[in-house]
Amino acid sequence: MNKKLIPVILIIISIITMIMASSSVGKINEFNNRELNFNYPEKMEIIGKGTVNTVATLYDPELELNISINKQALPSNYTFRDHLIRLERNYTENFSLISNNTVEISGKEGYEVIYKIKEGSLHSKLTEFWVVDNGFLYSISVNYPLNSTENSSNIKFLDIGEYLKDQKRNKYAETITNSFNIQNPEKLDNNSQNRLNWAQVRIPSQNYKWSIRSDTVNALGAVYHYPESVYPGNNGTCGLLGHRSLFSAPFSKINMLVPGDLVIINDFLTLNSYTYQVVSNGHIKWDYEYNPIKFTQTGSSRLFLVTCYPPGRTDAAWIVKCKLISVKPLISELILE
């Protein structure tokens, strides 16, 4: 044998060995809370729940891999497939769609959506899996940094270490998604406050944060989503109605909003955070009772905040108009309560 080939052969053997090692996840543990169960690599830590909608969050510091399992009750008029199809996914260059596929999860038709996220010079990959069962939306969110070969088409040499990391990350995610099993989906509990709050609205300039629900406007700490309006992020107009003097008075200072103020909706259904900007304030609709507010179903994504006028009376509707300016992924560690 040519002695010059020995180092090359050793390198090839070493690479093959590392690739084989990366295809193994090692020992696995089982998560089982009687409602759903899945297997996960023993090296992953369960680090917490994050929000009331998070079942579990798993993390591997060596792989910089974060996997979050979420569960959310669906509003009665909500069709997730239609919502998924209607959503515009390429809002900015910082949050772009890679692919959108139909997959099987727990024996049911589910959906896989993959995004590329850019924050400064850092790039990460977010893969989300969704499946609906008995009125609940279950999701698996997988997030990790992109390696250099995926960040740029100009990379000439493959970084074997990063490649092997990616292979192991994919294997870890597959271990969970392939074993994900909904054993006993709970029946929708209409008396559960947390189950019915499918989103959250924040107004930073007023330091306010309120839940969004679709069943009633007369709930403490919450505003109401008009069922005839679109859902956040969709093309058209999303409408939120809130009291001005009753039930925690979420919109008590709505008249103080000025153009440029931000209104942020954290959507637990799509796991996206939508940032709207106030365009105008003080639109008063005196005939709203017999000529209801019209919410467009097409065009640019807008948001109407609606309350009573004058304060404490229902003579007219007061409206704040906003436009969508950015969309970000709602990753559980960023919204810890």
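Listed residues 45, 64; which is farther than 20 Å from residue 330 by Cβ and at pLDDT 85 or above?
On the way: 64 fails: farther than 20 Å from residue 330 by Cβ.
Selected residue: 45, the only one of 45, 64 that is farther than 20 Å from residue 330 by Cβ and at pLDDT 85 or above.
Which of the residues spanning the stretch 77-99 are surrounded by 14 or more Cβ atoms within 10 Å (Cβ to Cβ) and at pLDDT 80 or above?
Scanning the stretch 77-99 gives a single hit, 78.
As an exercise: evaluate residue 175 against (1) at pLDDT below 90; (2) farther than 20 Å from residue 99 by Cα; (3) part of a helix (DSSP H, G or I); (4) not small (Gly, Ala, Ser) and give the number of the one condition it does not meet.
Tallying (1) at pLDDT below 90; (2) farther than 20 Å from residue 99 by Cα; (3) part of a helix (DSSP H, G or I); (4) not small (Gly, Ala, Ser), residue 175 fails exactly one: (1).
Hey, does the stretch 314-327 have a residue that's at pLDDT 90 or above and polar (S, T, N, Q)?
no
Considering only residues that are in a loop (DSSP other than H, G, I, E, B), out of contact with any Cys (no Cβ under 9 Å at 6 or more places or on another chain) and within 19 Å of residue 319 (Cβ to Cβ), which ones fall in the stretch 206-233?
Filtering the stretch 206-233 for residues in a loop (DSSP other than H, G, I, E, B) gives 207, 214-221, 226-233.
Now drop any that are not out of contact with any Cys (no Cβ under 9 Å at 6 or more places or on another chain), which leaves 207, 214-221, 227-228, 233.
Listed by number, the residues that qualify are 217, 227, 228.
Checking residue 313 against (1) of a type in the set (D, E, K, R); (2) in a loop (DSSP other than H, G, I, E, B); (3) closer than 30 Å to residue 58 by Cβ, which single condition isn't satisfied?
(3)
This table checks each residue for (1) among the β-branched types (Val, Ile, Thr); (2) farther than 30 Å from residue 69 by Cβ.
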{"site": "240", "(1), (2)": "no, no"}
{"site": "252", "(1), (2)": "no, yes"}
{"site": "255", "(1), (2)": "no, yes"}
{"site": "264", "(1), (2)": "yes, no"}
{"site": "269", "(1), (2)": "no, no"}
{"site": "274", "(1), (2)": "no, no"}
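Taking the conditions exactly as written (of a type in the set (Ser, Thr, Tyr), over 27 Å from residue 137 (Cα atoms) and surrounded by fewer than 20 Cβ atoms within 10 Å (Cβ to Cβ)), does residue 252 satisfy them or not? Give the derivation first.
Working: of a type in the set (Ser, Thr, Tyr): yes; over 27 Å from residue 137 (Cα atoms): yes; surrounded by fewer than 20 Cβ atoms within 10 Å (Cβ to Cβ): yes.
Against the criterion (of a type in the set (Ser, Thr, Tyr), over 27 Å from residue 137 (Cα atoms) and surrounded by fewer than 20 Cβ atoms within 10 Å (Cβ to Cβ)), residue 252 qualifies.
Go through (1) of a type outside the set (Val, Ile, Thr); (2) within 23 Å of the chain's Cα centre (by Cα); (3) at pLDDT 70 or above one by one and return the number of the condition residue 164 breaks.
(2)
Go through the stretch 51-61 and report how many residues are touching a strand residue (DSSP E or B) at 6+ places or on another chain (Cβ under 9 Å) and either hydrophobic (A, V, I, L, M, F, W, C) or at pLDDT 85 or above (or both).
Restricting attention to the stretch 51-61, the residues satisfying the condition of being touching a strand residue (DSSP E or B) at 6+ places or on another chain (Cβ under 9 Å) are 51, 53-61.
Next, from what is left, pick out any that are either hydrophobic (A, V, I, L, M, F, W, C) or at pLDDT 85 or above (or both): 55-61.
Residues meeting the conditions: 7.
Any idea which of (1) at pLDDT below 80; (2) surrounded by 15 or more Cβ atoms within 10 Å (Cβ to Cβ); (3) within 30 Å of residue 64 (Cα to Cα) is the one residue 196 doesn't satisfy?
(3)
Kindly provide the set of residues from the stretch 270-288 that are surrounded by 23 or more Cβ atoms within 10 Å (Cβ to Cβ) and assigned to a loop (DSSP other than H, G, I, E, B), ordered by number.
Listed by number, the residues that qualify are 270, 271.
The values are calculated or read from the model by the stated rules, or taken from the named source; none is laboratory data. Note that the coordinates shown come from a computational prediction; the quantities given were computed from them, not determined experimentally. Neighbour counts are summed over all protein chains in view; Cβ atoms, including those assigned to glycine, are modelled from backbone coordinates with ideal geometry.
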